[in-house]
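Q: Below: one structure in structure tokens.
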Amino acid sequence: MSFKTKKSLGQHFLNDKLVIYQIMDAIGAEEADRVIEIGPGTGALTKWLAEKFSDVHAIELDERAIKVLEQEVENVVIHKNDVLKVKWPEMIAPDKKNIVVGNLPYYITSQILFDLLENRELFSEAILMMQKEVAERLVAEPATKEYGILSVQTQLFCSPEILFDVAPRSFTPPPKVTSAVVKLHFDKPDYPFADKKLKSIVRTAFNQRRKKLSNSLKPVLGDDDLPEGFNFDDRAEHWAPDIYAKLAEQLNQSDSLS
């Protein structure tokens, strides 16, 4: 069936069987576990998921793509929805592992990632295709150009791993950039502070990343003495993720005592 992709939806459909096989191999799920695919399009990967797993759900916004899926793919529950409006607790099977798979639209990749991280306790892992540049930010080391908000939050809330690159020719239509497949292992322990506290610290620090942290973090730290045990003469990109976590924990304790 002929299908014209929509630029407004960021549609670049995977057409490379080798890449599909590599993604399938990367999924650490048993036959009965729930696999949730984001943006299946016309089902290039979905067909293989449905053959291997008995509990496959797909989130798709484009009604034209949904019609193709309904005609060509069996054994899949299709949810017509914008992925950014999905209520993840309603999508998962609470009595088994839940794995997310998806070829993410480039223009909303970060939003989807933050949403998955916020709901990380629901999933065991996610295998996601994204722009290589974004993938490199997820695993970036401190004091590098790529290191930023996404790096810190991702590395604190999961263990990210770049599996392999994907060339533009593997898609229809070909994007102008190289992609990468990333695996997020949701294996981090719970922290003794709310996500909101950490996000506030990290975002405030990187919003003025050229300033010393003693200045950039003033909106969070206030006018009181700076907490001990931290080098606030550093800039945001010089702190490793665990230092941000340590500060969030210390400020959380201070808040509970005040």
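Q: Would you call ASP95 assigned by TED's automatic domain parsing to the domain that holds LEU14, closer than 19 Å to ASN119 by Cβ and over 22 Å from the mean Cα position of the chain (by Cα)?
A: The answer is yes for ASP95.
Q: Tally up the residues in segment 28-41 that are buried (at least 19 other Cβ atoms within 10 Å of the Cβ) and either on the phi < 0 side of the Ramachandran plot or modelled with pLDDT under 70 (or both), please.
A: Residues that pass the stated criteria total 7.
Q: Scan segment 134-160 residue by residue and report those that are of a type in the set (Val, Ile, Thr) and outside any helix (DSSP H, G or I).
A: Selection gives VAL139, THR144.
Q: Next up: In segment 162-194, what residues are surrounded by 16 or more Cβ atoms within 10 Å (Cβ to Cβ) and under 18 Å from the mean Cα position of the chain (by Cα)?
A: LEU163, VAL166, SER179, ALA180, VAL181, VAL182, LYS183, LEU184, PHE186
Q: If you don't mind, another one. For segment 86-115, name all the residues that are farther than 17 Å from ILE27 by Cα and surrounded by 15 or more Cβ atoms within 10 Å (Cβ to Cβ).
A: The answer is VAL86, TRP88, MET91, PRO105, TYR106, ILE108, THR109, SER110, ILE112, LEU113, PHE114, ASP115.
Q: To continue, here is another question. One residue is enough: does segment 196-204 have a residue meeting the conditions in contact (Cβ under 8 Å) with a residue 60 or more places away in the chain and charged (D, E, K, R)?
A: For segment 196-204, residues in contact (Cβ under 8 Å) with a residue 60 or more places away in the chain and charged (D, E, K, R): absent.
Q: On to the next question. What's the number of the condition PRO173 fails, among (1) out of contact with any Asp or Glu (no Cβ under 6 Å at 6 or more places or on another chain); (2) assigned by TED's automatic domain parsing to the domain that holds GLU118; (3) over 22 Å from LEU116 (Cβ atoms); (4) modelled with pLDDT of 95 or more?
A: Unmet for PRO173, out of (1) out of contact with any Asp or Glu (no Cβ under 6 Å at 6 or more places or on another chain); (2) assigned by TED's automatic domain parsing to the domain that holds GLU118; (3) over 22 Å from LEU116 (Cβ atoms); (4) modelled with pLDDT of 95 or more: (4).
Q: I want to confirm something. Restricting to segment 48-85 and keeping residues that are in contact (Cβ under 8 Å) with a residue 60 or more places away in the chain and in contact with a Phe, Trp or Tyr (Cβ under 9 Å, 6 or more places away or on another chain), which single residue is surrounded by the fewest Cβ atoms within 10 Å (Cβ to Cβ)?
A: Looking at residues that are in contact (Cβ under 8 Å) with a residue 60 or more places away in the chain and in contact with a Phe, Trp or Tyr (Cβ under 9 Å, 6 or more places away or on another chain), I get ARG64.
Q: Let me ask you something else. Here is a list of conditions, (1) assigned by TED's automatic domain parsing to the domain that holds LEU116; (2) at pLDDT below 95; (3) not small (Gly, Ala, Ser), and ASP190 meets all of them except one; can you say which number that is?
A: Among (1) assigned by TED's automatic domain parsing to the domain that holds LEU116; (2) at pLDDT below 95; (3) not small (Gly, Ala, Ser), the lone unmet condition for ASP190 is (1).
Q: Are any of the residues in segment 55-64 within 25 Å of ILE108 (Cα to Cα) and either part of a helix (DSSP H, G or I) or not assigned by TED's automatic domain parsing to the domain that holds VAL101 (or both)?
A: Yes.
Q: Determine which single condition ASP95 fails, assuming it passes every other condition in (1) assigned to a loop (DSSP other than H, G, I, E, B); (2) of a type in the set (Asp, Glu); (3) touching a residue at least 24 places away in the same chain (Cβ under 8 Å).
A: The single condition ASP95 does not satisfy is (3).
Q: Might you check whether a residue that is outside the structural domain of ASN119 (by TED's automatic domain parsing), under 24 Å from VAL100 (Cα atoms) and part of a helix (DSSP H, G or I) occurs anywhere in segment 210-228?
A: Within segment 210-228 (the criterion being outside the structural domain of ASN119 (by TED's automatic domain parsing), under 24 Å from VAL100 (Cα atoms) and part of a helix (DSSP H, G or I)), the answer is no, since none of the residues qualifies.
Q: For segment 16-72, give me each residue that is of a type in the set (Asp, Glu) and under 18 Å from GLU125 (Cβ atoms).
A: ASP25, GLU30, GLU31, ASP33, GLU37, ASP55
The values are calculated or read from the model by the stated rules, or taken from the named source; none is laboratory data. Note that this is a predicted model, so its numbers are computed, not measured. Cβ atoms come from the backbone with ideal geometry, glycine included; neighbour counts cover every protein chain shown.
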